[in-house]
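The values are calculated or read from the model by the stated rules, or taken from the named source; none is laboratory data. It should be emphasised that the depicted structure is a prediction, and the values quoted were computed from it without experimental measurement. With ideal geometry, Cβ positions are generated from the backbone for all residues, glycine too; neighbour counts draw on all protein chains shown.
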Amino acid sequence: MTTESRSAAIARLQSHHQQHKWSLRELFATDPDRAQRFSLEAAGLYLDYSKNHLGEDTLQLLLDCADQLGLPQAIADLLAGAEVNNTERRPALHTALRFQGKPQNEHERAVADCRTQMKRFSEEVHSGRWRGFSGEPIRHIVNIGIGGSDLGPRMAVEALYPWQREDISVHFVANVDGADLSDTLSRLPAEQTLFIVASKSFSTLETRQNALSARRWILDAGCREDQLEQHFVAVSSNIVAAQDFGIAPQNIFPMWDWVGGRYSLWSAIGLPIALACGFETYEALLAGAHTVDRHFAEAPLAENLPVLLALIHFWYRQCWDAGSQVVLPYAQRLTRFPAWLQQLDMESLGKGVNREGHALDYPSGSVIWGTEGSNGQHSFHQLLHQGTDLIPADFIAIKEPTSGLEEQHKWLLACCISQSQALLRGKTLAEARRELEDEGHTHREIHALAPHKVVPGNRPSNTLILQKLDPHNLGALLALYEHKVFVHGFLMDINPFDQWGVELGKQLGSRIFDAAQGALPEDWDGSTRGLVRMLLPDN
């Protein structure tokens, strides 16, 4: 479909929006079966999307738009390994990383070999056969990586706490701020510590600086140069650079250019998950994601969970001026899920041009943010309830308790449900006045206070339910959002697999660091020159 026809499709949606004034209260009052009709269960996930500004006609209009744009073929192209990353001329085959059964092509065979290598390495560490320079077994793992080499595995290891082994501790270092590394290492014995250097290029600034400092730390502790290979492994496609660093070839796990960093936890980037929780746990995570891959490939658009989530987000972004979306996992162990999703969505959809390089004449990606429930209720939910912006919310609830404290889990779920209900219902001025009257306030007090207690309501949300938080369901949850982001990018005609804005920041960072050692370029702006002089005083 051409840019003009895509813009026309968005215009039809906007016209539909302008012709309707939805009241979520009224939608439920006039349709007792609404919750049932606007819910869907698949791949172990249950989605209630009934608390959205959607009628049957709206949903059909969105589905027709997706179909006319060619979404079914786009899904098939993604999964078949077509060149969907057109600016880098690559496929995006993260789904091949979680294939099940016998490998069917060269990509899957490469993945199978990598899994074998990961399993063998994990078993050596867990058995105590992998030993450090002093002869003691490795018991502490430090993953050095940033972005997709950190956010995914860190989130998964925390989410799968009940599966963590007691004899292995896994830590993560990402920030180039030396405090991140030094604080971590201050608690660890060097002779029992192994580092995973996770960088596709083996040249990422933050990762390389941390790896060099870790190398000095282990050498200062008594490790010889020829023993470094006992304390460092790498996940990288740059084998030469990893070997020059001191990592043995057999200790280098592969990465491929057909997997982007934010989609890479399913690759050897997930090695910390296997080490922390066991290789079987890692395999269950892959299997859960594969379940959603099959659902995404096979389900019709109207019954396709990732498609529905993407269409709803697209609807609010294009027609409701919703510039942000909040994600609220009511699960302490999913504390890092919003940060993982933030990178996935914002790095994928934060673009200003379409796939052909033409400037967009409609909004692109939105701000993704959030935190774990119920903590968010006592920080930013006030903005959701009474602020002036419409901020669609995704609630994530876990049906079975993960802590063994069943009474507290019931309260957690009650909080989750009540927040989605409060966003829907709000509190009218009349309800606020009656409440104050019942509390015994005077007429003057009621007149003064009631407007402050009004909550607009009519604010949309989805509720996504997992039966329990286990490796399989976690994999399904992550794959759901991966595919949702792909669909949303397709609807906006955006390539969700590149990140040229990130690359610019890397380039300028190196230039500023180098320039601080000499004369500053005259064509730099005055602010940048002043900040360099103030913060990098070697100049």
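Among the residues making up region 183-200, those that are crowded, with 21+ Cβ neighbours inside 10 Å and part of a loop (DSSP other than H, G, I, E, B) are Ser199, Lys200. Is there a residue being in a strand (DSSP E or B) and more than 24 Å from the chain's Cα centre (by Cα) anywhere in region 149-170? Taking every residue of region 149-170 in turn, none turns out to be in a strand (DSSP E or B) and more than 24 Å from the chain's Cα centre (by Cα).
Among the residues making up region 257-275, those that are hydrophobic (A, V, I, L, M, F, W, C) and under 21 Å from Ala174 (Cα atoms) are Val259, Leu265, Trp266, Ala268, Ile269, Leu271, Ile273, Ala274, Leu275. Within region 189-205, the set of residues being farther than 19 Å from Gly246 by Cβ and at pLDDT 95 or above comprises just one member, Pro189.
If the condition is being under 17 Å from Arg215 (Cβ atoms), of a type in the set (A, V, I, L, M, F, W, C) and touching a strand residue (DSSP E or B) at 6+ places or on another chain (Cβ under 8 Å), then region 111-148 contributes Ile138, Ile141, Val142, Ile144.
Restricting attention to region 370-391, and to residues there that are in a loop (DSSP other than H, G, I, E, B) and either at pLDDT below 95 or aliphatic (A, V, I, L, M) (or both), which single residue is nearest to Ile417 (Cα to Cα)? Among residues in region 370-391 that are in a loop (DSSP other than H, G, I, E, B) and either at pLDDT below 95 or aliphatic (A, V, I, L, M) (or both), the one nearest to Ile417 (Cα to Cα) is Ile391. When region 8-54 is filtered for residues that are surrounded by 14 or more Cβ atoms within 10 Å (Cβ to Cβ), hydroxyl-bearing (Ser, Thr, Tyr) and either over 23 Å from Ala393 (Cβ atoms) or in contact with a Phe, Trp or Tyr (Cβ under 9 Å, 6 or more places away or on another chain) (or both), the ones remaining, listed by number, are Ser39, Tyr49, Ser50.
Which residue is surrounded by the most Cβ atoms within 10 Å (Cβ to Cβ), if the candidates are limited to region 515-539 and must be modelled with pLDDT of 85 or more and within 23 Å of Arg208 (Cβ to Cβ)? Only one residue fits best here, namely Val532. Restricted to region 401-441, and to residues there that are of a type in the set (Ser, Thr, Tyr) and at pLDDT below 95, the residue that is surrounded by the fewest Cβ atoms within 10 Å (Cβ to Cβ) is Ser403.
For every residue, the table says whether it meets (1) over 16 Å from the mean Cα position of the chain (by Cα); (2) among the aliphatic types (A, V, I, L, M); (3) part of a strand (DSSP E or B); (4) within 25 Å of Cys416 (Cα to Cα).
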residue: Ala310; (1), (2), (3), (4): no, yes, no, yes
residue: Trp315; (1), (2), (3), (4): yes, no, no, yes
residue: Leu341; (1), (2), (3), (4): no, yes, no, yes
residue: Glu347; (1), (2), (3), (4): no, no, no, no
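Scanning region 408-431 for residues that are part of a helix (DSSP H, G or I) and of a type in the set (D, E, K, R) yields Lys410, Arg425, Glu431. Figure legend. Inter-residue proximity from region 442-455: first residues at pLDDT 95 or above, second residues surrounded by fewer than 12 Cβ atoms within 10 Å (Cβ to Cβ) and among the aliphatic types (A, V, I, L, M), beta-carbon distance below 8 Å, spacing 6+ or different chains. Indicated pairs: Ala450/Leu429; Pro451/Leu429; Val454/Leu429. Selection of region 89-136 for residues being in contact with a helix residue (DSSP H, G or I) (Cβ under 7 Å, 6 or more places away or on another chain) and not in a helix (DSSP H, G or I) yields Ala92, Leu93, Phe99, Gln100, Pro103, Trp130, Arg131, Gly132, Phe133, Ser134, Glu136. A residue that is surrounded by fewer than 18 Cβ atoms within 10 Å (Cβ to Cβ), over 31 Å from the mean Cα position of the chain (by Cα) and assigned to a loop (DSSP other than H, G, I, E, B) occurs somewhere in region 223-245.
Filtered by the rule that a residue be closer than 26 Å to Leu383 by Cβ and part of a helix (DSSP H, G or I), region 432-444 gives Ala432, Arg433, Arg434, Glu435, Leu436. Inspection of region 359-369 identifies at least one residue that is under 22 Å from Ala156 (Cα atoms), assigned to a strand (DSSP E or B) and in contact (Cβ under 8 Å) with a residue 12 or more places away in the chain.
Within region 55-71, if we keep just the residues that are surrounded by fewer than 15 Cβ atoms within 10 Å (Cβ to Cβ) and touching a residue at least 24 places away in the same chain (Cβ under 8 Å), the residue that is farthest from Tyr263 (Cα to Cα) turns out to be Asp57.
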